[in-house]
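Read the structure below first, then the notes.
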Amino acid sequence: MDSILTTVLPVFGMIVLGYGFTRAKIFDAAAGRGITLFVFNVAIPALLFKTVATMGPQQGAPWGLWLAFFGGLAVTWVAAGFVSRFVPSLDYSGGAAASMAAGFGNLALLGTPLALAHFGQQVAIPLGMILSIHAPILWFTAMLHRALFQTTGGFSISRTAKDLFRALATNGIVLGLLAGTLWRLTGLGLHPVFGTMFDMLADASVPTALFALGVSLAGYSLKGSWSGMFTLIALKMVLMPLLVFLMVRYVVSIPPLWAEVAVLFAAMPTGANAFLFSQRNEEAVAAVSGSIALGTGLAAVSASVLLYLMDAGML
């Protein structure tokens, strides 16, 4: 249990530090956005590039991992859309905002640092496989979901598909994985100078991601719909990890470490992109904002329990 605490407490301590600095007016939203851009576009891509460029033989294809994670997410998405019909604060556009909040976890700023801190850089491959398509696919699905319940007829599949391709083509995580794969094929390896630089950037990814999350949390509020908030937390942090666990246990065959990453990622609280979607469409904003703020706090306990169960061989 001590190893769990030495993983989780520093992780959430960094979040609290970012939150406290922001509340004390030492940092602001603009500074937090700058740190976040560094994490997404430089630090994590550098980690993934070096890992892929220097790794040994691949452990497996991503299909099983994607089926387990996104299969569990898909069922959670549908369940959220159905449940939203009975929760007034979530009953908008067929539950599109609720489904986005129930499916879109905070993987980059919380899940990735937590996985790296506990398991080490050996998890970079499976987490990169999920991260590379997570945001674009969920944004596309949420936009399509909402459009199906609108009557304006302003939705275009071709335009949205182009937006999806553009998002993938300009995603630093996707580019880092692709560049690392191409460099690995050359067989040239990495010069020690560049290797050290990539190491420095990779080492910076965890603390900066966590600090940026703390900065962003200062902008969320618990004021609003408690029923909607707890509904989203239950869907995101209980139902989805349970479904992904069942997928990796009984449906797909993937390396144990990959399975643990999939379940850990599934258990992460709602991420900021769900709030952006909700805010953009002015639907379920209070419930989504609260689920991010409260869910992140609860994750300190739930993640500790989950990691303990994994280390004990009970998951």
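What follows draws every value from the coordinates through simple rules; no lab data is involved. Keep in mind that this is a model prediction, so the values were computed, not measured. In this analysis, Cβ positions are derived from the backbone assuming ideal geometry, glycine residues included, and neighbour counts consider all displayed protein chains.
A simple spin-label model places the labels of residue 166 and residue 6 4.8 nm from each other, with each point 7 Å out along Cα-to-Cβ. Sites listed here are trypsin sites (Lys or Arg not before Pro) in the range 168-258 whose DSSP assignment is loop and whose Cβ has at most 12 other Cβ atoms within 10 Å: 223. Near the amide H of residue 105, within less than 5 Å, lie the amide hydrogens of 271, all on another chain or at least 5 residues away, with H placed in the peptide plane. For the chain, the relative contact order is 35 percent, taking Cα pairs closer than 8 Å that sit 6 or more residues apart in sequence and dividing their mean separation by the residue count.
For residue 223, a cut-off of 28 angstrom between C-alpha atoms picks up these lysines, skipping any fewer than 8 places away in its own chain: 25, 236. If I take R0 = 45 Å and measure r between the Cβ atoms of residue 194 and residue 230 in this structure, what FRET efficiency does the formula 1/(1 + (r/R0)^6) give, to the nearest 0.05? Calculated value: 0.40. Only DSSP H runs of four or more residues enter the estimate; each adds -39500 (n - 2.57), and after division by the residues of the chain the mean residue ellipticity at 222 nm equals -23500 deg cm²/dmol. Pick from 240, 229, 129: which is most flexible by mean-square fluctuation in a GNM of the chain where alpha carbon atoms under 10 Å apart are linked? With Cα springs under 10 Å in the chain, the top fluctuation among 240, 229, 129 is at 129.
Site pair residue 242 and residue 28 shows an inter-label distance of 4.5 nm when each label is modelled 7 Å from Cα along Cα→Cβ.
Excluding same-chain neighbours fewer than eight residues apart, the lysines reachable from residue 50 by a Cα-Cα span under 30 Å are 162. Over the range 243-315, Cα pairs under 8 Å with separation of 6+ residues give a relative contact order of 33 percent.
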